[in-house]
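Single-structure report; data block below.
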Amino acid sequence: MLYLSTRGAPERKHFCEILLEGLAPDGGLYLPEHYPQVDGNALTRLRKVYHEQGYADLAFEILSLYIDDIPADDLRALCRKTYTAEVFGTGEIVPLRHLENGVWIEALSNGPTLAFKDMAMQLLGNLFEYELGRRGEQLNILGATSGDTGSAAEYAMRGKKGVRVFMTSPHGRMSPFQQAQMFSLQDANIYNIAIEGVFDDCQDIVKAVSNDLEFKRKYKIGTVNSINWARLLAQVVYYFAGYIQATESNSQKVSFSVPSGNFGNVCAGHVARMMGLPIDKLVVATNENDVLDEFFRTGVYRVRGSADTHETSSPSMDISKASNFERFVFDLLGRDGARIQALFGDALNREGRFDLSQDPSFAQAASRYGFVSGKSTHANRLATIRATWEQHGMVIDTHTADGLKVALECRNPAIPMVVLETALPIKFAATIVEALGREPERPAKFAGIEALPKKVRVMQADAAAVKALIAQECGG
């Protein structure tokens with residue numbers, strides 16, 4: 001299996017090369033040359049693997065379709081090391097919880113940092129350590145987080161040999177619990193950088209540093225954001241697990257509702273669907289920062305500036321420039337790298353928008369690829385959290401509430417609807433208190449976390465300053 005850039009560069013690479021690289025040298029994102037196909041017989045076999053051997057072996061089966069430069073025994077061992085009951089709190093790893101009338105919530109937040117990002121990041125940490133060990137190399141990870149990627153990456157990489165993590169986040173725009181999870185880590189290989197701006201400023205810094213190819217090579221810069229294909233690939237697995245749990249036969253279809261900011265989580269669903277998983281609808285649920293909902297409604301992709309990016313009660317989705325969206329548009333436009341360069345490399349930089357409303361391919365976003373979308377506001381969030389507690393005795397976090405609100409608007413009663421859980425409610429306690437008048441449950445290991453000493457530096461939104469910090473800490 002070889003990988004190509006969405007922006008048309010002719011070079012093809014193997015999995016372990018792009019694992020450590022992040023963005024392609026031409027600024028594009030990596031995708032496989034083709035999506036391996038899972039037919040009915042293969043899906044039946046995967047169903048058996050999941051029920052008889054568990055999530056880790058299901059992960060191995062799916063990952064091995066894309067990874068041919070790690071020996072099978074090693075890859076299986078990495079999956080089994082990652083997906084354990086000790087790490088994820090349950091042997092099921094991603095159990096489905098039935099809510100009502102064919103609506104399910106897939107629990108993805110049982111990992112170390114209580115968010116779905118752990119599902120991929122724990123594997124990524126083990127993959128990085130394995131590959132760096134094979135090469136005898138080191139890696140400096142530069143990331144951007146709106147709340148959950150950062151802590152998931154830092155908990156996955158702390159203490160890992162040959163890895164440093166430089167994680168940028170928008171200063172003051174994460175929940176107190178999210179900040180405490182990251183900033184309380186005192187490990188020598190973890191560096192927290194609070195950027196004076198919004199998440200998109202952090203993301204722009206990561207891309208600017210990644211696009212400085214000389215600096216990237218000299219300091220061995222890698223990424224853990226969902227621009228890294230390995231992270232997105234790991235997320236494909238839980239779509240298969242959710243489908244298998246929600247169905248009894250391969251003739252059934254399932255829809256998934258996905259709280260969406262950077263498009264990585266739902267893009268993994270797109271990959272699963274392209275592989276042949278019988279997904280009916282992929283529901284993109286946004287908050288007030290509705291750049292993705294606007295595109296799927298109108299065909300216009302219009303990024304917002306910092307001043308127009310709302311600070312909301314589902315802050316991990318306070319994103320107005322969806323990095324992973326480029327992967328889907330690449331498929332939508334027939335994998336035309338030159339057009340992607342014109343849209344994402346030129347038009348967005350020049351005009352901050354592009355318009356596909358008159359392109360015949362736009363209608364295929366829904367008809368061929370199954371995408372529908374909707375939006376949730378703070379008032380919707382409170383109402384959904386309240387109704388879910390009163391009717392079902394279940395407390396959900398603010399982002400999952402966005403996903404559930406839009407799911408209920410889009411569901412077909414004949415097709416199961418699985419809402420992907422984003423995080424545990426404790427990460428957004430203030431809004432839960434506003435909705436329910438009570439604090440959500442807090443795992444004992446996180447008692448008093450907000451009062452712990454914090455290790456963080458506040459910096460301007462300046463890629464050059466971040467590069468100088470990396471060079472200084474790496475002895476350059």
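Taken together, the values in this text are just the output of simple stated rules run on the coordinates, not laboratory data. Owing to the predicted nature of the structure, the values given are computational and were not obtained by experimental measurement. All Cβ positions, glycine included, derive from the backbone under ideal geometry; neighbour counts span all protein chains shown.
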* **Under 5 Å, built H, 5+ apart or other chain: amide partners of residue 418** => 104, 255, 256, 257
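Order these peptides, 227-239, 96-108, 135-147, by their mean beta-carbon neighbour count within 10 angstrom, highest first. Walk me through the intermediate numbers first.
Details: 227-239: 25.2, 96-108: 18.1, 135-147: 21.3.
Descending mean neighbour count gives 227-239, 135-147, 96-108.
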* Under a straight-distance cross-link criterion of Cα-Cα below 27 Å, which lysines are reachable from residue 405, leaving out those fewer than 8 residues away in the same chain? -> 117, 253, 281, 321, 375, 427
* Structure fact -> Checking the stretch 140-208 for trypsin sites (Lys or Arg not before Pro) in a loop per DSSP with at most 11 other beta-carbon atoms within 10 Å yields 161
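Only bridges with both residues in the chain count here: give the DSSP antiparallel percent, nearest 5.
Rounded to the nearest five, the antiparallel share is 25 percent.
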* Structure fact -> Sequence order, the stretch 408-420: Karplus ³J(HN,Hα) from phi using 6.51 cos²θ - 1.76 cosθ + 1.60, θ = phi - 60°, Hz rounded, Gly and Pro as x, gives 5, 6, 9, 6, 9, x, 7, 10, x, 10, 9, 8, 7
* Asked: Just from its helices, what would the mean residue ellipticity at 222 nm be for the chain, if runs of 4 or more DSSP H residues each count -39500 (n - 2.57) and the sum is divided by every residue, rounded to the nearest 500 deg cm²/dmol?
  -> -12500 deg cm²/dmol
* Can you give the charge dipole size of the stretch 1-82 about its Cα centre, rounded to the nearest 20 debye, using +1 on the beta carbon of Lys and Arg and -1 on the beta carbon of Asp and Glu? -> 300 debye
* Asked: Using θ = phi - 60° and the Karplus curve 6.51 cos²θ - 1.76 cosθ + 1.60, what whole-Hz ³J(HN,Hα) does each residue of the stretch 45-51 get, with Gly and Pro shown as x?
  -> 5, 5, 4, 5, 4, 5, 6
